[in-house]
Structures are given as structure tokens and as C-alpha cells.
Amino acid sequence: RFWVRRGDMMLALALLAAICAPSIGLAAADACILPSLAFAPPALSTHLRQNPSFGQKRPQAAAAEKSALQRPATLGQLRRADVVKLRAQKLPRGLQERIVNIHGEEFKVVEVEKTADLVDAWIQQQMATTDPFGVVLWPGAQVLAGELFLLGSALKDKDVLELGAGTGLCSLVAARQGARAVASDTNDQALDLVDISAERAGLKVETAIVDITGSAPLPPSDFLVAADCMYNPAVARALARRVVTALAAGTTPLVADSVNIAREDFEAELVLLKCPYTIEPRNLTFTGSAVGVDMDVVREAKIALFHFDREAASS
């Protein structure tokens, strides 16, 4: 597990202030948005969980057990989706659905409705608990989901692994396009949201606990997806190494970043590993949670969409 250093607290406070200040300019906000991936151990305080069944731990996979996609157990702590059938029921209290339009088609992700208390608790506990940022949607995921949607039938029967999935929009889109999708994160509560979203949409998305910075190899996949995961230099560089390993294995990486906190570290590691890439800038009018205060905000997000040359990377 990756633990956020106590010395990062002032940075986190500054970022939260920038996100939540009603008078801040959009350009400044874009530079201060935190990503979806959660790296601390999954343990939100029980008083913050509004429904007893939400956030329950699933049994870890036995060493010889394989997922429904026949993935090796080394993927991480493979989880079985054991959420109650919520397709036709009301969401548990404290959760909400966010409707996202992807190229004219409607997708719904389940989020935590109010996150201000989660942020407060996280800061008060000196960031030693699960951070709350993976329980809401982020702009990079929306852009990357659009790229997956445009692949259309090319995703049918393909294996798609999403790192730092958060609310899992990319995995949901991939599943609807016929892919075998796995949404992974280190935040167990975020993966609960993915389970619920998939169940309500009638989609099959497997969920797994995977640490980008860990040493365990990722399972084989056709596409490796990561949106807004460049949380700090260590994670950004680890993600770059995952990308290079995926390219060498014949996997197509799809990476987007709207955070711009440790993007330079991601790029520096790619250069160090002699992995050619280009960046396609994207702009998105994004509606989403303000995170630090319990309200939605509309802002102009600037997203870096990374493209990789598999042949050049392997030469």
C-alpha cells in the first residue's frame, strides 16, 4: 500500500482550498484538482457510512482462485461482487447517481453524495485513512471513457483493466461495448460504487484491489486504462513503468490526466525508459463534485490525453 506522507498535508490543504474557493479562477482550479485514485488503506470511519451494507469487505481470493475472467490471483485481492441487487431499488442513503453523456449515450455512475465530512475526517486524521477523492467522478475519466466508447466493436471480447478506477466510468463504458472489464483501485469503498453502478446498469464489471506502486505484475490485458492517477511523483513514475511494461506485452495503454500535479514526473519516467509518447490536449466543460464542499461545480477542465507508439517503445 502507498501511504501518503504526513509532509504532504500542506499541499493537500492548499489543493482543497483551491478546489473549494468559490471565487477561484478556472485556470487555477484546473491545476489543483486531485485525482480519483486512493492509496491509503481502505478504512473509512463507520459513522461516515450511511448504509450498513455499503463498504463491507469482501473475502480475499484464495491463492488458487481465479476470477470470472480467468485472471491470475496475483492481480491482487480479487473481489467477488456481492452487493445487493440494486438495479430497480433506491440507492442507499448518502449515495447519488451522476448521469454522464458520452458521445450522445447516457451512462450513470454512483458517487458519494456529500464528501465534505470525509475530507475533514481525512485531514484531521493526518491523511492516515482512505482518502475521499475516489468516490466521485473526475474529468480525465470522462475524456478517457469517450475514447473507449469510440473504439466500439474493437472492444468486443477484449480484456480491459482500469487502474485507479474510482467510480469506474471507463470500465462501465468498456463493458457496454462488449469488453471483459476489470476496475481496480486501492480504495475498497470506491470499488463498492463500481459494483453498484454495474449492477444497476446490468453490466458485468469485475473489481479488484490493485496498487499501481506495488510489485505484483498485472494480468494480461488488451487495454490498460488509467485516468487522473498521477497523484504524486511516486505514483506517477510507477504508472509510467506500468505503461512501458504493458506496451512490451502488446497491451494498448490509454492514459489521461486532468490533475497536472505530477504529470512532469510521469513524463520524465517515460523519457528515462525511452518510451516515445505524444500529448493531445482536450478541453471539457465538466460538471462534478466540489469535493471539499457539498455542492456541484461547473468548470473548464484541461485534460492531457497520452498516445504511445508501441513499435517505437519496443525497439
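The values are calculated or read from the model by the stated rules, or taken from the named source; none is laboratory data. In this text the structure is predicted, and so the values were computed from the model without any measurement. Methodologically, a virtual Cβ is constructed for each residue, glycine included, from the backbone with ideal geometry; neighbour enumeration extends over all protein chains shown. With ligands, DNA and RNA removed, areas are computed over all heavy atoms of the protein, side chains included. Shrake-Rupley method; radii C 1.70, N 1.55, O 1.52, S 1.80 Å.
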State whether one or more residues within the stretch 268-280 are open to solvent by less than 20 Å² (accessible area, probe 1.4 Å) and polar (S, T, N, Q).
no
Determine if the stretch 172-188 includes at least one residue that is among the hydrophobic types (A, V, I, L, M, F, W, C) and modelled with pLDDT under 95.
no
Just need a number here: residues in the stretch 194-231 that are among the acidic types (Asp, Glu), in contact with a strand residue (DSSP E or B) (Cβ under 8 Å, 6 or more places away or on another chain) and surrounded by fewer than 22 Cβ atoms within 10 Å (Cβ to Cβ).
1
Of (1) more than 22 Å from residue 102 (Cα to Cα); (2) open to solvent by 30 Å² or more (accessible area, probe 1.4 Å); (3) of a type outside the set (A, V, I, L, M), residue 156 fails just (1)
Whether any residue in the stretch 193-211 is under 17 Å from the mean Cα position of the chain (by Cα), farther than 24 Å from residue 90 by Cα and not in a strand (DSSP E or B) is what I want to check.
yes
Look through 141, 128 and report the one residue that is of a type outside the set (D, E, K, R) and either at pLDDT 95 or above or within 13 Å of the chain's Cα centre (by Cα) (or both).
141
Name the strands (runs of 3 or more DSSP E) wholly inside the stretch 216-315 in which the number of residues that are of a type in the set (A, V, I, L, M) and either without any contact (Cβ under 8 Å) to a residue 24 or more places away in the chain or over 19 Å from residue 185 (Cα atoms) (or both) is 2 or more.
277-289, 296-308
